[in-house]
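This report refers to the structure that appears directly beneath it.
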Amino acid sequence: MSISAKLKLRNQDLCELCNAETATVEYTVSPKNDDSIENQVAICETCLKAMDAEDADFHWRCLEGSIWNPEPSVQALSYRILNKYKEKDWANNLINSVDLDENIQQWALSAFEVPDVHKDAFGNILESGDNVVLTQLLNVKGTSFSASKGTVVKKIKLVHDNTEQIEGKINDQTIVILTKFVKKSL
């Protein structure tokens with residue numbers, strides 16, 4: 001993969017992580033896209049291979065320099081790699097010694113986020129807009145009715161901070177329903 005002239009120039013054609021070898025890869029730091037060099041880091045083949053290696057912490061001592069790079073993308077990638085080795089004293093000390101902008105830390109740690117996955121009582125993945133069927137009688141708190149087994153709840157909404165709950169309308173009232181009491185309608 002060729003590297004853009006601007007990206008090469010940014011670090012005088014050297015890898016922005018190890019600063020030792022010629023940069024040969026234009027690496028985009030996810031979840032951002034490659035439409036701007038502000039989202040990219042020029043890296044060498046050695047660093048690229050070390051990113052996929054299980055135990056390459058010996059190589060990543062070079063991050064002691066790159067974490068201080070003024071480019072946010074280099075900081076984010078360095079911080080992300082350091083977090084992979086945070087149980088090692090050298091990496092943990094480096095993480096604790098640097099004071100990165102909160103947005104850069106969030107960008108770096110976004111690679112470790114697990115998306116909310118809501119599943120019904122049978123393990124089917126639920127998405128906003130799905131229709132579900134109640135698998136048992138539910139007493140609806142704060143109302144004067146119960147929702148019987150077999151009731152269809154249309155166009156559910158996921159509760160994003162709790163994978164065990166969804167929202168749906170029954171009798172024109174929006175209620176919270178536990179996912180363990182529903183089956184996705186196919």
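The values are calculated or read from the model by the stated rules, or taken from the named source; none is laboratory data. The model shown is predicted, which means the values in this text are computed figures rather than measured ones. Here Cβ is always computed from backbone atoms with ideal geometry, including for glycine, and neighbour counts include all displayed protein chains.
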Conditions: (1) in the same structural domain as LEU17 (by TED's automatic domain parsing); (2) touching a residue at least 40 places away in the same chain (Cβ under 8 Å). GLN136 meets all but one. Number of the miss? (1)
Pick from ASP57, ASP35, ASP52: which is at pLDDT below 95, under 22 Å from GLN105 (Cβ atoms) and out of contact with any Pro (no Cβ under 9 Å at 6 or more places or on another chain)? ASP57
Identify, please: which residue in the stretch 145-186 is in a loop (DSSP other than H, G, I, E, B) and of a type in the set (Lys, Arg) and is, among those, nearest to the chain's Cα centre (by Cα)? LYS155
Pairs please, first residue from the stretch 147-160 and farther than 7 Å from LEU134 by Cα, second anywhere and polar (S, T, N, Q), Cβ atoms under 6 Å, 6+ apart in sequence or on different chains. LYS154/ASN131; LYS157/SER128; LEU158/SER128; VAL159/GLN165
If you scan the stretch 85-125, which residues turn out to be of a type in the set (Phe, Trp, Tyr), in contact (Cβ under 8 Å) with a residue 60 or more places away in the chain and surrounded by 13 or more Cβ atoms within 10 Å (Cβ to Cβ)? TRP107
Going by the conditions given, is LEU94 of a type outside the set (Ser, Thr, Tyr) and outside the structural domain of ALA56 (by TED's automatic domain parsing)? no
